[in-house]
Amino acid sequence: MSEQLDAGLIAERIAESDQLGEPSGAHEVGRARRRKEDARLVTGRTTWTDNIQLPGMLYMAFLRSPMAHARITRVDTSAARARPGVVAVYSGRDLAGEQGSLPCAWPVTDDIVIPDHPPMAVEEVRYAGEAVACVVATDRYKAADALEAIEVDYEPLDAVVDMTEALAEGSPLVHESGNRAFTWKFAGGDIDAAFRDAPVVIERTYVQQRLIPTAMEPRAVVATTDGDGFTLYSATQIPHVLRVMLALTTGIPEHKLRVVAPDVGGGFGSKLQVTAEEVLSLLVTRRLGKPVKWTESRSEGNLTVHHGRDQLQRISLAAERDGRVRGVRVDLLADMGAYLMLVTPGIPLLGAFMYNGIYKIDAYDFTCTGVFTTKMPTDAYRGAGRPEATFAIERAVDELAHELGLDPVEVRRRNWITHQEFPYDTICGLTYDSGNYEAATEKALALFGYDKLRAEQSDRRDRRDPVQLGIGVSTYTEMCGLAPSRVLGSLSYGAGGWEHASVRMLPTGKVEVVTGTSPHGQGHETAWSQIVADALGVPFGDVAVLHGDTAISHKGMDTYGSRSLVVGGVAVLAACEKVKDKARRIAAHMLEASADDIEFSAGSFTVRGTAEGRTIQELALATFAAHDLPDGVEPGLDADATFDPDNFSFPHGTHLCAVEVDTETGACAIRSYVAVDDVGSVVNPLIVEGQVHGGIAQGIGQALFEEAVHDTEGNLLTTTMADYLIPTAADLPDFTTDRTETPATSNPLGVKGVGEAGTIASTPAVVNAIVDALRPYGVHDVRMPCTPERIWRVVSEAGPPASGSGARAGAASAEAPAGTSAEAPASAPGTASAPGSRSGSDSGSGSGSASTRAPGSGEATSSSEGGAR
Amino acid sequence: MPRITVTVDGVTYEEDVEPRLLLVHLLRDRLGKTGTPVGCDTSNCGACTVMLDGRSAKSCSVLAVQADGSDVVTIEGLARGDEWHPMQKAFHTEHALQCGYCTPGMIMAAIDLLRDDPDPSEEAVREGLEGNLCRCTGYCNIVRAVRLAAQEMSQAGERREVRTP
Amino acid sequence: MIPAAFDYIRPASLEEACRVLAEADAAGDDVKVLAGGQSLLPLLRLRLAYPAALVDLGRLPEPRGVEDRGDHVFVGALTTHDEVLRSGVVREQVPLLALATATVADPAVRHRGTFGGSMVHADPAGDLPAVALALDCVFVVRSSEGEREVPAAEFFVDYLESALGPGEVLLGVRVPKLGPGWGFHYEKFHRTAQAWAIVGVAAAVRREGGTIGEARIALTNMGPTPVRARATEAALRGLSPAPTGDGDGARDQVRDACGQADSGTSPPADLHAKPDYRRHLARVLTYRAVRAASG
């Protein structure tokens, strides 16, 4: 949305009073500018979608299936229709002729099964919460009441909540075509050679539990029509993509459809979607000719905002005895839920290229099977595929370190790409352009006080302190900036990865920037202003950034995947360069000089060697008047640019976490957390730090607190915030953050993206720390979220700790799935019942998990703690 | 339908309300006070926190009829003219908000916290804000902002009571 | 979400409230009492309750406030949690109540939620019922017929069910002062700061010479009602609170006694814990609470 005028003025005044200190070289970029966005947000002058009131507005409410899987045999809306204030009631059948199918834009294989996905169920419901009818009434209270008067008869069908069960012979079918959506393979190097006679093989199975993204603003939609065109306001991350998809889905011509993302209260991927409610709101406003609004409640949202993660990861790692990793094999099951939504099948594949992490390996083999279950579909959630990959490799590398008696930092050091080796072509076919893992790690270790904490850990182990200290290491990289369009094309993605920007000088010398990114908390108005201020030499306060409205910003690819700065910010810079080029020609004309002799500095174009010049503001006015322009130059000083990167960008960093685990209760508290991230050059360090903080908190949420739990019937049990627990301020420590800066070489700003880094890094850091704390008990895994109950069970089933410096070999990871069998890690195909149990264990788990094949491995195991600490 | 009288941000309103009308819906849908958002239905998130007779309350868990005769201050009534409340300034200065959806409630809860504890420790701030969820910031900068505002308010001898005089 | 419609009655006095409630009961109407509404409102919004009417006692001038009555402290039912926490009488005379109240929900909820409402709601996961049970509080109940007293042990009848009969309201609770020599602790174990207790332990311990003279222990969320850990209370009597001996060979008799804390309980299975884990926690946390209370 456009900045509000009054907020802009206030922001300007505030900005003037901010005590910022002089930025180096008077540059805006790199400066901790306070955000322009804040003025409206801290005063309540926001435009959340639910704040929008239009004359004659009607309110929609959805009746949702109470069953995970059932045939709809009857929907009777007549009683509801008779309720006071009710304007209309629709069942799926009423809308069947026009509602189309919700789109999936990422058919990852040629033979992928993409089932029909009606926005409102007609014949069959396939997850609890699926819409089966809707009421349109004169206020939201009446709409809610009328829902209770709708009668629906269901014929129950069997639910399928577990992926491995879904793939088993004779499983109930989510769709007639079967429960396998696709199998996608990828490989590099000779994986058989890597594993053949490998001295050490680590095999583990990890469960990426199902998560509920939980943006603070629940979804909301307002749809309106003037009888010809349509406007849809939505709490979305993707107004541009949404417009295209809604046009294709509803048949409303694209040029008759305007989509607006007003102030949007967080997304984390959950608002990267084309939702049933968006489509249905449009259809209803088309039918009734009146504006309609739908606002979800939190409990409705927990059911029906797409979920995240939900993968079963089987990772095998072949290594030399010195810790050098030879190869990595990954076999992944990814729970699609009941349907394939916008990018559902692509999410696990975004991780496919990241299981090598920051390491040099010779061979890689990846298989992913997408599986249908009778649950809410999964889709993007902060990190989207990359947190899963990073978790698996970082957990497995820790297991390798333990197996070999090496310090977890040391085993990483022996494998990582050194800074002299960039650019580096990875086994996954990516070219990491830049990085310095050594520097980030050294900085993190120093900030953390690593050696001192290790000493304390050793002491607590010796004392058999019931509260054990664990230290978790996570070194990560990720690919962001999604992405080069040609790469997306090769992955069968339905769109490109470019971004667009317009920069226009207004007659009075102020600047309007139009961006195709669609911020919802990231501070683009501020950061883009900083880029423009430097590029054009104009004051920060003279720049306005417009976004999130397809009538204002006519093209863009929106905001997700840490792409906005690395693609959209660079597009803004490119547009500025074009403006400057044009200004230079005009300045040369006005100054009667050659364009080659015009120098640009601090907003002025001067003739080389003279004081004679024109400011960019003067040139803006001159081009507005257009009285004296060079031949062939059009009036106006503005430019468009579209940037399509050649490569992804690769932020990296080292996160260290110290946890205290109370082995008596299973309680776990994070004592300290250090993050050193390298996100390349930094436009605004304040915003970068904020992104890292929030990312870490969300990753910790996955590690310790969050899980969407279903019962065996497929009912979601975590429908409220009292059940789905996200961390409060009192549950998190202060985070120590710092940076190294290795500029990206793939874009002129040198930036890499920061939106997802914290989340990607923190989850394995925390779980590694917990497992590290429990090594003396022979524990080598705790399933996420690492709840007190799970930790207690692992500890109590493992038995008493080995004394002091020796680790007990042989205990299993012990997970009695808590709460429900539905989310049980149970057995992946070919995986034994005790995921992650170690060789030589008494669990008899056979093919499951690790085997240390070389003679003498037992010795290595038994001495591992002493060797490392 | 009960008739209630309620003062919101210094303006007195007389409204006929259904007994079940939630205070937050009165504010948002009837009085146009959309600065106060709704984030959940179980009083966990605290996004809807307002000052009710000078004390923080979650306006999604109060019936409008319960507020009859009461004084309500929302995020929209905090500034004095163009002068922001020190807590608003501190949230801006410390970058204690990103999407901003939790911010109105968080600011109200933070102001209430300082009423009792003018110079809270980090731990006291974290515990005092346990009823307000934020998904963007990881809370670090919120804690910093509250402590900064505490200092500013102490130095300025700032009023701690937030209600209509 | 949005509550279903209900009628709203705001009686001018407690007498009127009792009469209204009795009439509603006689007419077969499902009428609920509204005090602070902090437990009731979420239930209404989720449409887990459909009362025909709410009787709002929230505006009544009494029973409200904390009063020192010699051998006990009387806490009026309409006193908010916040007022309880601010009461010097509570802090000094019945500190266990202050300790537990400080863990109830969050500050904003404590501003509205009432002491009596938490008791009458009779949620076994609530923190205050265990305190009442541990301290052998006496519940004073009013109806049109007059007043009656209900001991805490009889007040919590079942899950979300108190001993209040038709036409009855809770006037307040007599919280006994236990006198000198007592120490107190409330140990709450939950997954996040705002989550319900998985298990809570309210402990009061009287030291007599070098030993435990008497212990009163009640458990939160270990059954459909709060439960006294009677076996542990009996076993603790006469024990030295400090472990005897040193190092691994130390005999911690208090720990042994607390090993019976879960006996007689019937802990629930839910999202956050299964019964065996709750039993384990009850034992460990009781030990910690007793040590803290006797320290």
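Observations on the model:
Rundown of residues vs (1) modelled with pLDDT of 95 or more; (2) buried (at least 16 other Cβ atoms within 10 Å of the Cβ); (3) outside any helix (DSSP H, G or I); (4) not assigned by TED's automatic domain parsing to the domain that holds A:Ile791, yes/no style:
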{"residue": "A:Arg460", "(1), (2), (3), (4)": "yes, yes, no, no"}
{"residue": "A:Arg486", "(1), (2), (3), (4)": "no, no, no, yes"}
{"residue": "A:Val503", "(1), (2), (3), (4)": "yes, yes, yes, yes"}
{"residue": "A:Gly509", "(1), (2), (3), (4)": "yes, yes, yes, yes"}
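- Residue match in region A:84-102 (condition: in a loop (DSSP other than H, G, I, E, B), more than 28 Å from B:Val38 (Cβ to Cβ) and among the hydrophobic types (A, V, I, L, M, F, W, C)): yes
- A count restricted to region A:719-740 and to residues that are of a type outside the set (Phe, Trp, Tyr), at the interface with another protein chain (Cβ under 7 Å from one of its Cβ atoms) and open to solvent by less than 30 Å² (accessible area, probe 1.4 Å) stands at 9.
- Considering region C:251-293, and only residues there that are surrounded by fewer than 24 Cβ atoms within 10 Å (Cβ to Cβ) and among the hydroxyl-bearing types (Ser, Thr, Tyr), the residue that is nearest to the other protein chains (Cβ to nearest Cβ) turns out to be C:Tyr287.
- Any hit, region A:180-189, residues being at pLDDT 95 or above, part of a loop (DSSP other than H, G, I, E, B) and of a type outside the set (Gly, Ala, Ser): no
- Some residue of region A:223-233 being surrounded by 20 or more Cβ atoms within 10 Å (Cβ to Cβ), in a strand (DSSP E or B), within 14 Å of another protein chain (Cβ to nearest Cβ) and in contact with a helix residue (DSSP H, G or I) (Cβ under 7 Å, 6 or more places away or on another chain): yes
- Summed over region A:276-305, residues that are in a loop (DSSP other than H, G, I, E, B) and within 25 Å of A:Ala722 (Cβ to Cβ) total 3.
- Residue within region A:200-219 that is touching a Cys at 6+ places or on another chain (Cβ under 6 Å), open to solvent by less than 10 Å² (accessible area, probe 1.4 Å) and at pLDDT 95 or above present: yes
- Cβ-Cβ distances below 9 Å connect the following pairs, each with a first residue in region A:112-135 that is under 19 Å from A:Glu296 (Cα atoms), a second residue that is at pLDDT below 95, and a separation of six or more residues or different chains: A:Pro119/A:Thr249.
- Listed here are the strands (runs of 3 or more DSSP E) enclosed by region B:40-150 that have at least 2 residues being within 7 Å of another protein chain (Cβ to nearest Cβ): B:55-58.
- Scoring B:Ser59 on the criteria (1) open to solvent by 10 Å² or more (accessible area, probe 1.4 Å); (2) farther than 22 Å from B:Ala145 by Cα leaves a single failure, condition (1).
- Candidate set from region C:59-81 (those that are buried (at least 21 other Cβ atoms within 10 Å of the Cβ) and not hydroxyl-bearing (Ser, Thr, Tyr)); member that is farthest from C:Thr114 (Cα to Cα): C:Val73
- Strands (runs of 3 or more DSSP E) wholly inside region C:105-198 containing at least 1 residues that are open to solvent by 10 Å² or more (accessible area, probe 1.4 Å) and of a type in the set (Lys, Arg): C:138-143, C:146-151, C:169-176, C:182-189
- Region C:4-34, subset closer than 30 Å to A:Gly301 by Cβ and either assigned to a helix (DSSP H, G or I) or within 27 Å of the chain's Cα centre (by Cα) (or both), residue nearest to the other protein chains (Cβ to nearest Cβ): C:Leu34
- Search result, residues across region A:603-631 that are free of Cβ contacts under 8 Å to residues at least 24 places away in the same chain, open to solvent by 50 Å² or more (accessible area, probe 1.4 Å) and of a type in the set (A, V, I, L, M): A:Ala611
- Filtered residue count, region B:12-54, keeping only those that are open to solvent by 20 Å² or more (accessible area, probe 1.4 Å), free of Cβ contacts under 8 Å to residues at least 12 places away in the same chain and not hydroxyl-bearing (Ser, Thr, Tyr): 3
- Output for region A:462-473, where each listed residue is surrounded by fewer than 22 Cβ atoms within 10 Å (Cβ to Cβ) and of a type in the set (Val, Ile, Thr): A:Val467
- Any hit, region A:750-766, residues being in contact with a strand residue (DSSP E or B) (Cβ under 9 Å, 6 or more places away or on another chain), more than 10 Å from every other protein chain (Cβ to nearest Cβ) and surrounded by fewer than 24 Cβ atoms within 10 Å (Cβ to Cβ): yes
- Options C:Ala102, C:Ala108: the member that is within 14 Å of chain B (Cβ to nearest Cβ), over 23 Å from C:Ala24 (Cβ atoms) and free of Cβ contacts under 8 Å to residues at least 12 places away in the same chain: C:Ala108
- Of residues in region A:28-83 being in a strand (DSSP E or B) and within 30 Å of A:Gly521 (Cα to Cα), the one nearest to the chain's Cα centre (by Cα): A:Trp48
- Residue in region A:581-598 that is surrounded by 23 or more Cβ atoms within 10 Å (Cβ to Cβ), out of contact with any helix residue (DSSP H, G or I) (no Cβ under 9 Å at 6 or more places or on another chain) and part of a helix (DSSP H, G or I) present: no
- Inside region A:234-265, residues that are assigned to a loop (DSSP other than H, G, I, E, B) and within 14 Å of another protein chain (Cβ to nearest Cβ) make up a count of 7.
The values are calculated or read from the model by the stated rules, or taken from the named source; none is laboratory data. Computed from a predicted structure; not experimentally measured. Don't worry about glycine lacking a Cβ; one is built from the backbone with ideal geometry, like all the others, and counts go over all protein chains shown. These accessible areas exclude ligands, DNA and RNA; they are computed on the full protein's heavy atoms, side chains included. Shrake-Rupley method; radii C 1.70, N 1.55, O 1.52, S 1.80 Å.
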